[in-house]
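Note sheet for the following structure.
The values are calculated or read from the model by the stated rules, or taken from the named source; none is laboratory data. Computed from a predicted model, the values in this text were never measured in an experiment. Cβ atoms come from the backbone with ideal geometry, glycine included; neighbour counts cover every protein chain shown.
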Amino acid sequence: MRIGVMVELFRDIDVDEKFAELRSMGMESCQLVCWDQELMNKSTADKVNAAVKNHKVDITAFWCGWEGPKVWDFYDGQLTLGLVPEAFRFDRMKMLEKGIDFAAMIHVRDVATHVGYMPENPYDPNYPGVLACLKSLVKQCKKNQQNFLFETGQETPVTLKRAIQDIEKETGKGNMGINLDPANLIMYGKANPVDALEVFGEYVMGIHGKDGNYPTDGHMLGQEVPLGKGKVNYPVFVAKLKEIGYAGDITIEREISGEEQKKDILMAKDILEQLINEK
């Protein structure tokens, strides 16, 4: 397992500079994040490809965002996040289609996103519509020889595994996976990430190195905190990853900015490297 870090594309960013910083922190991989559809074009791809070549950075996944309203809580989040809200579903499917093709331009095999609050009830009237969109996206990925990865958090592990299995009935197996964010499972109050690996471990293709606390009320998510300061039991979690044979990267995500973010990222890197190297 290698340690990487999240790198976000936004307007006026110098991706070459960001990759130089990544290398200066002793890392060689990242997940590349973009929420701005206008940046998903050949011009941006050329800059990313040049920076990859210049700094020998491995982009393990393209994390594709979508535009429109988004509220990260338990109430308005149900109405605004991902493909689940019918009002935004078609437009966001088109955005994700564009992101999948952009990932191909930068030679990235794995495309990840938040799908939204996937219904736990398979008879929910929203469920077939969401699955129809996902089947189309998974087929596009298969055509491009890519994998479609579900970011964890907004649904229970069983709900996510059931959705993947339902999609596989039409698309076949092989190019669907999970980008496991252990902190999200806790911050959304959905599962203990170590136990979640018992449910869907065979589908895990990417991991975020992030930490957080359980929610303390029924409206707001739990708080994200520096890795090692929250409720993710990283010694047990990393040991479980070794047990199930996970050999991919752990990509550090710290959702603040500035010097404090860099300090927390380097601290997380030290913790994770020690755990990975333990026999």
Pairs returned, first residue in the range 189-210 that is more than 22 Å from Met6 (Cα to Cα), second residue that is small (Gly, Ala, Ser) and modelled with pLDDT under 95, beta-carbon separation under 7 angstrom, 6 or more apart or interchain, are Lys190/Gly153
Which residue pairs have Cβ atoms closer than 8 Å, lie 6 or more positions apart in sequence or on different chains, and pair a first residue in the range 159-178 that is free of Cβ contacts under 8 Å to residues at least 24 places away in the same chain with a second residue that is buried (at least 20 other Cβ atoms within 10 Å of the Cβ)?
Glu168/Met176
For the range 53-83, which residues satisfy the criterion of being under 29 Å from Asp249 (Cα atoms) and of a type in the set (Val, Ile, Thr)?
Val57, Ile59, Thr60, Val71
Which ones in the range 71-89 are without any contact (Cβ under 8 Å) to a residue 12 or more places away in the chain and under 25 Å from Gln140 (Cα atoms)?
Ala87
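Criterion first (closer than 21 Å to Lys18 by Cβ, exposed (fewer than 15 other Cβ atoms within 10 Å of the Cβ) and not basic (Lys, Arg)) does Glu259 satisfy it? Don't jump to the end; show me each part of the working.
Working: closer than 21 Å to Lys18 by Cβ: yes; exposed (fewer than 15 other Cβ atoms within 10 Å of the Cβ): yes; not basic (Lys, Arg): yes.
Yes; evaluated as a whole, the condition is true for this residue.
When you check Ala268 against the structure, is it more than 19 Å from the chain's Cα centre (by Cα) and either assigned to a helix (DSSP H, G or I) or buried (at least 17 other Cβ atoms within 10 Å of the Cβ) (or both), yes or no?
Working: more than 19 Å from the chain's Cα centre (by Cα): no; either assigned to a helix (DSSP H, G or I) or buried (at least 17 other Cβ atoms within 10 Å of the Cβ) (or both): yes.
The answer is no for Ala268.
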Residue by residue through the range 106-128, note down the ones that are assigned to a loop (DSSP other than H, G, I, E, B) and closer than 17 Å to Thr156 by Cα.
His114, Val115, Gly116, Tyr117, Met118, Pro119, Glu120, Asn121, Pro122, Tyr123, Asp124
Residues of the range 189-226 that turn out to be in contact with an Asp or Glu (Cβ under 7 Å, 6 or more places away or on another chain) and aromatic (Phe, Trp, Tyr), as a count
0
Only residues that are under 20 Å from the mean Cα position of the chain (by Cα) and in contact (Cβ under 8 Å) with a residue 60 or more places away in the chain: list them for the range 219-237, please.
Leu221
Which of (1) of a type in the set (Val, Ile, Thr); (2) surrounded by 14 or more Cβ atoms within 10 Å (Cβ to Cβ); (3) over 17 Å from Leu149 (Cβ atoms) does Thr216 not meet, given it meets every other one?
(2)
Scanning the range 254-265 residue by residue, the ones that are without any contact (Cβ under 8 Å) to a residue 40 or more places away in the chain and either in a helix (DSSP H, G or I) or touching a strand residue (DSSP E or B) at 6+ places or on another chain (Cβ under 9 Å) (or both) total 6
From (1) over 23 Å from Lys263 (Cα atoms); (2) crowded, with 17+ Cβ neighbours inside 10 Å; (3) of a type in the set (A, V, I, L, M, F, W, C), pick out the condition that doesn't hold for Val232.
(1)
